[in-house]
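I have placed the structure first, in the form of structure tokens, so that the comments after it can refer back to it.
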Amino acid sequence: MMKLATWNVNSLTVRLPQVLDWLGTHPVDVLALQELKMTDDKFPHAAFKAAGYHSVCFGQKTYNGVALISRAPAQQVERNIPGFTDDMARVISATFAREPGPTATADDTGQTIRVVGAYFPNGQEPGSDKFEYKLAWLKGLRAWLRAEMVNHPHLVLMGDYNITFDDADVWDPEGMRDQIHCTDEERYELNALITLGLHDAHRLFAQPPKSYSWWDYRDFGFRRNHGMRIDHILISNALKPQVSACWIDKTPRKNERPSDHAPVVVELVWRPL
DNA sequence: ATGACGGAAGTTTTCCGA
């Protein structure tokens with residue numbers, strides 16, 4: 001069994017105690033973090049190490065920033081999207097060893113899993129420069145992933161996508177129609193990732209109605225469940241038979257001074273291939 | 001109601017997020 005999770009923490013400086021608390025009660029093999037909002041020299045490697053985790057980070061001042069927290073050490077770490085020039089820290093990828101399961105045979109050496117943690121651009125408003133950047137970034141991600149999935153068939157792409165799949169991911173579809181996170185252009189790019197051979201882990205299972213991963217801080221968004229599902233875990237074809245569960249953990253959103261996002265978790269069972 | 005809430009920079013107000 002292996003668990004992977006993604007969480008946009010909206011400042012790791014502020015949220016570190018909550019992340020450590022959550023890892024203590026919800027141990028996972030790999031946790032992808034987004035919106036660190038800190039430079040690499042400030043990253044709390046020692047705190048994660050004391051909790052029993054390895055960590056690799058890719059940060060910048062004030063905005064963005066991503067990390068992978070893991071039980072096994074990260075291998076073949078790559079930062080941002082090869083072939084797409086970007087001055088923002090949005091992607092960190094690594095390979096992790098998987099322990100052979102109880103049914104493994106003597107010649108099973110275990111598998112590795114390639115994990116891509118990503119903080120997709122917000123896009124601000126359709127038609128803006130930031131929106132054009134978002135679409136260009138999405139095309140760059142897709143072009144790179146197409147090759148990456150050939151090299152790494154067992155791949156997980158998880159993070160804050162800042163895109164909803166459809167109206168079921170939106171608390172107010174009429175109010176949000178053609179607005180940021182909900183435009184046809186963004187949804188086209190998200191579905192183009194699916195077409196590469198990826199699956200939305202959340203929708204592989206029955207889920208509570210109106211399941212969201214983000215709620216506006218304003219206007220009692222969480223209490224009224226005024227949210228959107230914009231944090232996703234996409235699983236490659238080769239891993240799909242091993243996905244046993246996926247859920248959104250809303251409990252950290254009930255903390256004092258919470259992130260506006262909740263963690264999303266996926267569980268994989270060992271099945272020899 | 002081009003607002004609210006929250007974080008960062010940095011000092012008082014602005015940018016940004018979603």
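The values are calculated or read from the model by the stated rules, or taken from the named source; none is laboratory data. Since the model is a prediction, treat every value here as computed from it, not as a measurement. For neighbour counting, all protein chains shown are included, and Cβ atoms are generated from backbone atoms with ideal geometry for every residue, glycine included.
Out of the range A:206-223, which residues are away from DNA strand B (no atom under 12 Å from the Cβ) and farther than 18 Å from A:ASN8 by Cβ?
If we filter the range A:206-223 for residues that are away from DNA strand B (no atom under 12 Å from the Cβ), which is where we start, we get A:206-211.
Result: A:ALA206, A:GLN207, A:PRO208, A:PRO209, A:LYS210.
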Problem - Residue within the range A:216-236 that is at pLDDT 95 or above, over 17 Å from the mean Cα position of the chain (by Cα) and of a type in the set (A, V, I, L, M, F, W, C) present - result: yes
Exercise for the section: Filter the range A:151-205 down to residues that are more than 25 Å from A:TRP270 (Cβ to Cβ) and of a type in the set (Gly, Ala, Ser) and give me whichever is nearest to DNA strand B (Cβ to nearest atom). Expected result: A:GLY175
Practice task
Enumerate the pairs (first residue in the range A:211-228 and in contact (Cβ under 8 Å) with a residue 40 or more places away in the chain; second residue anywhere and among the aliphatic types (A, V, I, L, M) and part of a strand (DSSP E or B)) with beta-carbon separation below 6 Å, excluding pairs fewer than 6 apart on the same chain, so at least 6 apart or on different chains.
Solution key: A:TYR212/A:MET228; A:SER213/A:ILE248; A:SER213/A:VAL264; A:TRP214/A:MET228; A:MET228/A:VAL170
